[in-house]
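The values are calculated or read from the model by the stated rules, or taken from the named source; none is laboratory data. All of these numbers come straight from a predicted model, not from anything done at the bench. Ideal geometry is used to build each Cβ from the backbone, glycine not excepted, and the neighbour counts take in all protein chains shown. Keep in mind that these areas ignore ligands, DNA and RNA; they rest on the heavy atoms of the full protein, side chains included. Shrake-Rupley method; radii C 1.70, N 1.55, O 1.52, S 1.80 Å.
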Amino acid sequence: MKHILSPTVIEDLSAIATKLHDRKSTRYLLWSFAINLILAPVVYAATGGTISREQSYALGILGIVTVALSLYLFLVIFQPEKF
Amino acid sequence: MTSIPRSQRKHTPKAKSKGMLARAIKQSFVKLDPRIAIKNPVMFLVWIGTIITALMTIDPNIFGTVVGRDVRLFNGLICGILFATVLFANFAEAFAEGRGKAQADALRATKSDTSARKVLADGSISEISSTSLRKGDIVKVIAGDMIPADGEVTSGEAAVDESAITGESAPVLKQPGTDIASSVTGGTRILSDELLIRVTADPGKGFIDRMISLVEGADRSKTPNEIALTVLLAVLTQVFLIVIATLSPVANYAKTPVSIAVLVALLVALIPTTIGGLLSAIGIAGMDRVAQFNVIATSGRAVEACGDINTLVLDKTGTITLGNRLAEEFIPIGSHDLASVAQIALNSSVFDETPEGKSIVLLAHKLGAVDQVDQTTAAGIEFSARTRMSGTDVDGIEIRKGAVDAVKGFVRSRRGQIPLDLDQAYERVSRLGGTPLAVCQGDDIYGVIYLKDIIKPGIRERFDQMRQMGIRTVMLTGDNRITASVIAAEAGVDDFIAEATPEDKIEVIRAEQALGKLVAMTGDGTNDAPALAQANVGVAMNSGTQAAKEAANMVDLDSDPTKLIDIVTIGKQLLITRGALTTFSIANDVAKYFAILPAIFASAGIGSLNVMGLASAQSAILSALIYNALIIPALIPLALKGVKFRPLSAEQLLQRNIFIYGLGGVIAPFIAIKAIDLLVAAVGLA
């Protein structure tokens with residue numbers, strides 16, 4: 001463990017983390033996973049246990065992607081010059 | 001060296017088409033980068049759909065348990081078809097861009113870092129790199145040199161080969177002092193003698209640099225029509241996304257559960273992928289068509305604006321009539337005879353270097369006039385738009401020729417009398433459609449010169465076409481009202497403005513724009529620059545001044561004013577093509593709807609809507625998607641070449657579009673999807 005977490009590896013990891021932190025998309029991804037932690041159990045409960053926990057998480061993410069796409073399309077409609 | 005016909009001219013060296021296909025294929029994959037893909041909302045949705053179906057190919061039960069035979073194969077096929085759809089759309093755009101890039105590469109090849117002879121303040125010459133030159137520097141170029149930067153000739157006279165930018169092999173004479181012949185372009189080559197040039201553009205900001213960035217599409221931004229269409233496509237996509245996202249619960253209620261892969265397929269089939277995939281290719285191809293015509297547009301907006309033009313403001317000389325008016329006849333007036341008119345006409349024209357002036361000299365010589373003016377002691381008076389006269393001052397005697405009114409005013413100011421038969425001669429020439437020029441010596445008017453104007457062949461037919469398209473043509477001329485009305489009637493223009501000054505151009509444009517019309521005009525002189533800037537489409541001649549070129553939004557490399565009519569045609573063609581393919585794309589939805597929905601919900605009692613009798617639900621989905629993908633590459637040639645242009649009014653064009661591309665767009669997919677379905681069923685894919 002000591003060998004794996006050598007100072008250079010820690011430096012590299014912190015550099016990657018800083019870079020990812022600077023990226024908006026990374027933050028959005030993190031937020032969507034976080035929201036899915038609430039959403040997935042709701043989906044699971046709503047289906048009455050006919051789907052597995054993994055499937056409920058996948059469906060939750062699909063729902064978030066659909067909403068994100070809809071928001072993106074609204075953005076295109078209202079600010080088309082940006083695209 | 002002979003002049004090549006305009007239709008055959010191309011930029012030299014020619015853009016290389018070799019490797020263009022391979023580059024476009026490579027770029028199709030590069031454009032899968034989400035940062036690029038996100039710019040096209042319709043195809044971005046297809047790309048996301050590809051990823052979702054790819055996940056469902058790996059694990060068919062990822063979003064819930066799916067029952068059925070060969071689910072993984074079915075999902076894999078959908079994924080493959082969607083991926084192909086995205087690639088085809090990327091290819092269309094990349095191929096259109098590739099043509100512009102190839103042209104830019106060819107231009108870049110002409111632009112090499114040359115050495116320049118910079119003239120220093122003390123008059124000595126220093127050899128430096130052309131990239132070190134700055135605006136205001138003076139350079140010396142001699143025969144065989146490449147002109148190192150854009151500039152104005154300050155001294156010398158030389159023949160310059162401008163074929164690198166115009167494709168015209170005939171050399172052009174460059175000399176200082178004239179608006180037109182004094183401007184030189186970096187990258188062109190001096191063939192004889194030497195010139196001193198004042199640099200007018202910093203490195204990287206010259207004419208060829210601007211051309212490169214324009215044809216390459218570096219400055220390309222969406223045009224207003226493209227933006228409007230993007231919004232329409234995004235709205236349609238949004239509507240279908242909401243419909244599809246809410247379809248699953250409805251399907252479950254109807255006891256016909258639908259898998260996510262099928263929903264994605266249905267969404268892609270319903271959104272307008274055809275026009276979504278071809279939209280940018282159509283715009284780029286429009287720019288390219290203009291460039292192929294040896295016209296450089298500053299933006300796609302300018303090309304598109306051409307398609308919306310309502311009024312064309314055209315100069316008579318060079319556009320409607322052949323540029324060179326020739327002296328046809330001398331008409332003596334008062335007590336003067338033909339020989340004396342010829343002699344005075346000759347004396348007034350010895351310094352006149354224009355084709356008209358030279359033709360007067362030629363006719364006078366033919367009639368026996370002899371050279372009497374000693375050019376070393378005499379002074380030439382240049383023509384100006386204000387005086388509308390030119391002539392010669394010799395030993396205190398003023399000899400003038402010019403517009404009849406101007407010469408009348410000149411003679412009156414010298415307390416001379418106006419002969420009674422002057423107006424008769426003036427009217428006679430005017431009614432023949434010619435330009436009458438009065439000639440006088442001091443306070444005595446000798447006669448009238450008849451300058452014959454020749455209307456360009458075929459111009460009347462072009463104006464008839466313009467009228468059919470609802471475009472109004474206005475002719476501007478410095479000629480008198482009678483001459484202008486005769487030429488206008490012969491050429492078939494809708495309106496004319498006689499005795500026009502350069503200021504009148506801008507007034508005409510403003511008046512038309514105040515009526516909500518879009519106006520196009522051409523110009524080449526510095527005094528045209530404000531009007532070129534005011535016009536919605538201003539086309540400057542390449543032979544024109546730097547000011548005119550900077551004010552215009554297009555530059556015609558062949559310096560042919562008639563080309564404005566062709567540019568308007570290209571603009572119209574661009575809009576017609578976009579409209580036709582949009583109609584076709586949306587009309588396609590009807591057939592795709594009838595192909596997929598009845599097949600999916602057959603068990604819910606709408607099987608009777610399966611009018612095409614498709615083999616199965618899976619086969620229907622695959623057939624509709626395959627058609628959806630293949631129609632994009634099938635329409636690439638039409639998108640690049642443009643729909644054939646016909647001079648029709650907006651209503652006629654709309655009717656034609658609805659009939660061919662609307663009705664055709666409904667019928668064609670019914671036939672194609674049925675044929676693909678038979679094939680899919682035959683090979684046992686579904």
Point to revise | Of all residues making up region B:499-517, the number that are open to solvent by 50 Å² or more (accessible area, probe 1.4 Å) and on the phi < 0 side of the Ramachandran plot | key: 8
Review point. Any chance region B:478-491 includes a residue that's under 17 Å from B:A305 (Cβ atoms) and either in contact with a Leu (Cβ under 7 Å, 6 or more places away or on another chain) or at pLDDT 85 or above (or both)?
Key: no
Revision key, fill the gap. Cβ pairs under 9 Å, 6+ apart or interchain, first in region B:652-674 and under 16 Å from B:I631 (Cα atoms), second outside any helix (DSSP H, G or I) and open to solvent by 80 Å² or more (accessible area, probe 1.4 Å), ordered by first then second residue, are B:F670/B:V611
Point to revise | Close pairs from region B:230-259: first within 15 Å of B:P598 (Cα to Cα), partner outside any helix (DSSP H, G or I) and open to solvent by 60 Å² or more (accessible area, probe 1.4 Å), Cβ under 7 Å, at least 6 apart | key: B:A251/B:P257
Exercise for review: For A:S6, indicate whether it is polar (S, T, N, Q) and within 27 Å of B:T237 (Cβ to Cβ).
Suggested key: no
Check your understanding: Has region B:608-629 got any residue that is open to solvent by 30 Å² or more (accessible area, probe 1.4 Å), of a type in the set (A, V, I, L, M, F, W, C), in a loop (DSSP other than H, G, I, E, B) and more than 27 Å from B:E97 (Cβ to Cβ)?
Key -> yes
Revision key, fill the gap. Subset of region B:269-284, residues away from chain A (no Cβ under 13 Å) and among the aliphatic types (A, V, I, L, M), comes to B:A269, B:L270, B:I275, B:L278, B:A281, B:I282, B:I284
Point to revise | region B:72-87, residues that are at pLDDT below 95 and either among the aromatic types (F, W, Y) or in contact with a Cys (Cβ under 8 Å, 6 or more places away or on another chain) (or both) | key: B:F74
**Study point:** Matching residues, region A:55-83, being farther than 17 Å from B:W47 by Cα, open to solvent by 40 Å² or more (accessible area, probe 1.4 Å) and either more than 8 Å from chain B (Cβ to nearest Cβ) or touching a residue at least 12 places away in the same chain (Cβ under 8 Å) (or both)
**Key:** A:Y57, A:L59, A:L75, A:F78, A:Q79, A:K82
Check your understanding: Hey, any hits in region B:417-427 for a residue that's open to solvent by less than 20 Å² (accessible area, probe 1.4 Å) and either among the aromatic types (F, W, Y) or outside any strand (DSSP E or B) (or both)?
Key -> yes
Practice item. Working only within region B:435-488, note down all residues that are open to solvent by 20 Å² or more (accessible area, probe 1.4 Å) and within 20 Å of B:L648 (Cβ to Cβ). Key: B:G458, B:R460, B:E461, B:R462, B:D464, B:Q465, B:R467, B:Q468, B:G470, B:R472
Revision key, fill the gap. B:L581 vs (1) open to solvent by less than 20 Å² (accessible area, probe 1.4 Å); (2) aliphatic (A, V, I, L, M); (3) under 22 Å from B:K674 (Cβ atoms); (4) modelled with pLDDT of 80 or more: all pass except (3)
Review point. Has region A:42-54 got any residue that is within 12 Å of another protein chain (Cβ to nearest Cβ), of a type in the set (K, R) and either touching a helix residue (DSSP H, G or I) at 6+ places or on another chain (Cβ under 6 Å) or more than 20 Å from B:A245 (Cα to Cα) (or both)?
Key: no
Revision key, fill the gap. By residue number, the members of region B:524-558 that are surrounded by fewer than 21 Cβ atoms within 10 Å (Cβ to Cβ) and touching a residue at least 60 places away in the same chain (Cβ under 8 Å) are B:G525, B:T526, B:N527, B:S543, B:Q546, B:D558
**Study point:** Candidates B:L574, B:L597 - the one that is crowded, with 23+ Cβ neighbours inside 10 Å and either part of a helix (DSSP H, G or I) or within 43 Å of the chain's Cα centre (by Cα) (or both)
**Key:** B:L574
Exercise for review: Sort out which residues of region B:148-159 are under 14 Å from B:P171 (Cα atoms) and open to solvent by less than 40 Å² (accessible area, probe 1.4 Å), and write them in order of number.
Suggested key: B:A158, B:A159
Practice item. Taking only region B:230-239 into account, find how many residues are more than 9 Å from chain A (Cβ to nearest Cβ) and surrounded by 19 or more Cβ atoms within 10 Å (Cβ to Cβ). Key: 1
**Study point:** Positions within region B:308-349 being assigned to a loop (DSSP other than H, G, I, E, B), out of contact with any Leu (no Cβ under 6 Å at 6 or more places or on another chain) and open to solvent by 30 Å² or more (accessible area, probe 1.4 Å), in sequence order
**Key:** B:L322, B:G323, B:N324, B:G334, B:S335, B:H336, B:D337
Review point. In region B:354-372, what count of residues is obtained for those that are part of a loop (DSSP other than H, G, I, E, B) and surrounded by fewer than 19 Cβ atoms within 10 Å (Cβ to Cβ)?
Key: 6
Check your understanding: surrounded by fewer than 22 Cβ atoms within 10 Å (Cβ to Cβ), within 43 Å of the chain's Cα centre (by Cα), within 13 Å of chain A (Cβ to nearest Cβ) and in contact (Cβ under 8 Å) with a residue 24 or more places away in the chain, is that true of B:A84?
Key -> no
Review point. Which of the residues spanning region B:32-46 are crowded, with 21+ Cβ neighbours inside 10 Å and of a type in the set (A, V, I, L, M, F, W, C)?
Key: B:V42, B:M43, B:F44, B:L45, B:V46
**Study point:** Filter pass, B:L581 being in a helix (DSSP H, G or I) and either under 26 Å from B:N90 (Cβ atoms) or hydrophobic (A, V, I, L, M, F, W, C) (or both)
**Key:** yes
Practice item. Scan region A:20-34 and give yes if some residue there is surrounded by 14 or more Cβ atoms within 10 Å (Cβ to Cβ), touching a Ser or Thr at 6+ places or on another chain (Cβ under 7 Å) and more than 10 Å from chain B (Cβ to nearest Cβ), otherwise no. Key: no
Review point. Looking only at region B:28-71, which residues are part of a helix (DSSP H, G or I), modelled with pLDDT under 90 and more than 14 Å from chain A (Cβ to nearest Cβ)?
Key: B:V71
Exercise for review: Mind listing just one residue for me: the one in region B:270-304 that is of a type in the set (S, T, Y) and outside any helix (DSSP H, G or I) and, of those, least open to solvent (accessible area, probe 1.4 Å)?
Suggested key: B:S299
